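Worksheet for the structure shown next.
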Amino acid sequence: MHFYPEKFRINDVAVRLSELGHNVKVFTGKPNYHSGIVPKKFKTKKIIIEKYKGIEIFRFPIISRGKKSSYTKRALNYFSYITNLIFYQNKIILKEFNPDFAFVYGTSPIFQILPSFFSKQKKMKVVLWYQDLWPETLYDLKIIKNFFLKIILNNLISKIYKKTDFILVQSMPFKKYMIEKGYKNKTFLYENPCEKINIRNNKINNKLKVITYGGNLGKAQNLNYLIKLGEYNKKNSLDILIKIFGEGSEKENLKKKINEKHLQNYIKVFGFLEDSKFYKELNKSD
């Protein structure tokens, strides 16, 4: 669902597969993560075909998440991605392309794998690189509480697992969970790749301890822990500063709580940073 210029690990994997000699084509919607807005150059109802490091990218129109990404907006974003990919892949994208594998980058929701099952390329194997465990994530965050809806979701996702040829997961507990579900022969451990970064402590104020968090600012990250840590630091007059970088649905709520609890001197929230600037921030951290 996500690809360059959006910042996700699938970018690195796709480029590496291409470097190894595989014919990689990316089918994705118009970029709108993390800002929620489709950039001007991509605002068209037509499909856009472009290249990135030797990879051909097909970008089809979708409904953007919007600046204030509500559940409704996100649902429309997901639904438009699934329906438009089903339409465009068979009408245009796969007309002269017969892939051996569909490699699905499995961020939430898992339903973005569905277009692969509707493909006219019957011999194509489907690989799911699973990032978020569904529907358990929804249950943990109390987004879905209805008992009957849970039964429907569990059955639907069970059918998705059965139709998927290979499932790549992030950790051993994740793999163990999938094995317990009965998918031992198709589940493999494939952790997210990382970058080699030279971290050096370039701090000016060595008395102040700096904790840096970078990433998504959503419900799943349980940002209340950082608020509690800020309150503890304030109560005990500790010289500890928490610096938070990123975007997400809970960013404004986080800033609101910081103001309400007068934690501005202990927690500071910043926006998304390009890699080079973020690495400099890491060098200033403990």
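The values are calculated or read from the model by the stated rules, or taken from the named source; none is laboratory data. What you see is a predicted model, and the numbers here were worked out from it, not measured in a lab. Backbone-built Cβ (ideal geometry, glycine too); neighbour counts: all protein chains shown. We work out accessible area using only protein heavy atoms, side chains counted, and drop any ligands, DNA or RNA first. Shrake-Rupley method; radii C 1.70, N 1.55, O 1.52, S 1.80 Å.
Could we say that residue 61 is out of contact with any Ser or Thr (no Cβ under 6 Å at 6 or more places or on another chain) and closer than 27 Å to residue 276 by Cα here? So residue 61 does not fit the description; no. Scanning the range 79-100 for residues that are aromatic (Phe, Trp, Tyr) and in contact (Cβ under 8 Å) with a residue 60 or more places away in the chain turns up 81, 88, 97.
Of note, residue 20 does not satisfy the criterion of being within 26 Å of residue 248 (Cα to Cα), without any contact (Cβ under 8 Å) to a residue 60 or more places away in the chain and of a type in the set (A, V, I, L, M, F, W, C).
At least 3 residues being modelled with pLDDT under 90 and open to solvent by 70 Å² or more (accessible area, probe 1.4 Å) is the threshold, and among the helices (runs of 4 or more DSSP H) wholly inside the range 103-201 those reaching it are 147-163. The set of residues in the range 257-276 that are of a type in the set (D, E, K, R) and exposed (fewer than 11 other Cβ atoms within 10 Å of the Cβ) comprises 260, 274, 275.
When the range 236-266 is filtered for residues that are touching a Gly at 6+ places or on another chain (Cβ under 7 Å) and closer than 16 Å to residue 285 by Cβ, the ones remaining, listed by number, are 242, 245, 246, 266.
The set of residues in the range 85-96 being at pLDDT 80 or above and not aliphatic (A, V, I, L, M) consists of 87, 88, 89. Within the option set 238, 217, being surrounded by fewer than 17 Cβ atoms within 10 Å (Cβ to Cβ) and of a type in the set (A, V, I, L, M) holds for one residue only, 238. Residue 226 meets the conditions (1) open to solvent by less than 30 Å² (accessible area, probe 1.4 Å); (2) under 29 Å from residue 66 (Cα atoms) in every case but one. The failed one is (1). Where strands (runs of 3 or more DSSP E) sit wholly within the range 11-84, those with at least 3 residues that are at pLDDT 90 or above, buried (at least 16 other Cβ atoms within 10 Å of the Cβ) and among the hydrophobic types (A, V, I, L, M, F, W, C) occupy 55-60.
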